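One structure below.
FYI, it's all coordinate maths here, none of it is from the lab. Fair warning: this is a prediction, and the values are worked out from it, not measured in the lab. Every residue, glycine as well, gets a Cβ built from its backbone with ideal geometry; the counts of neighbours run over all protein chains shown.
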Amino acid sequence: MNNTQQLVIGYIGNGKSTNRYHLPFALNRPEKIKVKTVYQRTLGKGGWTPFDGIIYTDQLQEMLADAEIQAVVICTPVDSHKALVKQVLEAGKHCVVEKPFALNLADAEEMFRLAEEKGLTLECYQNRRFDSDFLTTQQVIESGKLGQLFEVNMNYDYYRPHVPEGETSYQRDHAFLYTHACHTVDQVLSYFGKPQEIHSDVRQLLGPGRMNDYFDLDFLYDGLKVSVKSSYFRVKSRPSFAVYGTKGVFIKETEDRQEADLKKFYLPAGHDDFGQDLPEHYGTLIYYDEAGLYHEEKVPTVTGDYARYYDALYETIINGAPPLVTKEQTLEQMRILEKAGENLA
């Protein structure tokens, strides 16, 4: 622990994940987080503009030997995660791993076993827990205005046919199930817990031997069904969230806007309106109150902030708080994805 009580972090990888989904948020917590070093195997490749004050290196062992660095975040393709996690943990560093966490459940279990042997924190980076649409939906549910909840539909749609059409063989680490359900399945597990039963419909719409480009997962609880659905072939996206209870319904048509701003290089630092919805993006809540009166109203969107993941990581490593993303949640997600995709080939 250093004198300033900052958490000092290094990154492995200098691509889209590091520059779009991590650094803008870690650097927005300067009182808690110090980003010291970014390792890139081939310096300068990829065209991302370097952030001021960060050391960029192509010497991984030098970064891992830096005694000031307490945690390392791995932002590389999933097939490299297991080997890199081993290097980071063997170097005595805490470790955060981008989604998907591992290629399979067995690898994930092995990674956690090593972390426990070393007495180090190992977590999956689940920033989507801080999506504005997800946070707003939780607020509505907890208001009680929907009555007893019985159905939640979560949709994560695209119209990007060129992605599956551009692949002529099935690769597990490119499957839509693994690269996108890792967001929404974590949201389900983090809020609703482990389900009693799961039904899955996972397809290769372009035919056998092609990319997985569709999934529909139903999580069954006592009196409640939570469905997670996604496709690369949705010309018009379904609502991001549709929540039904005995007294009402909440519909949030549009998804969190942090990613849209990031794609335009409109970063959270210095922009108070970063990622925020306009009134036309607000969700609609329709319900009957205790007197039987009908209400229809717009619900202002709760502000999303992926930096909250780094707030939690700081509390875990510096102050000993329980991890935000637990080993059990990550392993359960791996079990679910592995089972749902077992017939893909």
**Message:** For a Förster distance of 25 Å, can you work out the FRET efficiency between the beta-carbons of THR42 and LYS236, rounded to the nearest 0.05?
**Reply:** 0.05
**Request:** Please report, in debye to the nearest 20, how large the charge dipole of the chain is about its Cα centre when each Lys and Arg carries +1 at its beta carbon and each Asp and Glu carries -1 there.
**Result:** 600 debye
**Message:** Between the range 284-345 and the range 7-55, how far is it from one alpha carbon centroid to the other, in angstrom?
**Reply:** 25 Å
**Request:** Report the one residue of PHE250, GLY10, LEU293 whose Cα lies farthest in the direction of the positive end of the charge dipole of the chain (charges on C-beta: Lys and Arg +1, Asp and Glu -1; origin at the Cα centre).
**Result:** GLY10
**Complete:** Going fewest to most other Cβ atoms within 10 Å around each Cβ, VAL235, VAL35, VAL163 line up as VAL235, VAL163, VAL35
**Asked** Just how large is the dipole of the range 281-324 about the Cα centre, in debye to the nearest 20, putting +1 at every Lys and Arg Cβ and -1 at every Asp and Glu Cβ?
**Response** 200 debye
**Request:** Could you name the lysines whose alpha carbon sits less than 19 Å from that of LYS16, not counting residues in the same chain fewer than 8 places away?
**Result:** LYS36, LYS45, LYS99, LYS263, LYS264
**Prompt:** Summing Lys, Arg as +1 and Asp, Glu as -1, what charge do residues with Cβ under 14 Å from the Cβ of PHE150 carry, PHE150 excluded?
**Reply:** -1
**Complete:** So for R0 = 41 Å, FRET eff. of GLU290-ASP216 from the Cβ-Cβ r, to 0.05, ends up at 0.70
**Asked** To the nearest 0.05, how large is the calculated FRET efficiency for PHE51 and PHE150 if R₀ is 41 Å and r is the Cβ-Cβ distance?
**Response** 0.30
**Dipole of the range 7-126 [Lys/Arg +1, Asp/Glu -1 at C-beta], most positive-end residue of VAL73, LEU105, VAL85** = VAL73
**Message:** Explain nothing, just the number: relative contact order of the range 1-125, from Cα pairs under 8 Å at least 6 residues apart, as a whole percent.
**Reply:** 23 percent
**Cβ-placed point charges (K, R +1; D, E -1), dipole of the range 7-126 about Cα centre in debye, nearest 20** = 360 debye
**Fill in**
From DSSP H assignment alone, runs of 4+ in the chain each adding -39500 (n - 2.57), the sum over residues rounded to the nearest 500 puts [θ] at 222 nm at -8500 deg cm²/dmol
**Request:** Normalise the Cα radius of gyration of the range 30-129 by 2.2 N^0.38 Å (N = residues in it) and let me know the number.
**Result:** 1.09
**Complete:** Out of LEU122, LEU293, LEU60, a Gaussian network model of the chain with alpha-carbon springs under 10 Å gives the largest mean-square fluctuation to LEU293
**Item:** Degrees between helix 132-143 axis and first principal axis of the chain (Cα, 0 to 90, nearest 10)
**Value:** 50 degrees
**Fill in**
Among PHE130, PHE51, PHE176, the residue with the largest mean-square fluctuation in a Gaussian network model of the chain built from Cα contacts under 10 Å is PHE51
**Item:** Linear extension gain, LYS264 paired with GLU280, 0.36 nm per residue minus alpha-carbon span
**Value:** 3.7 nm
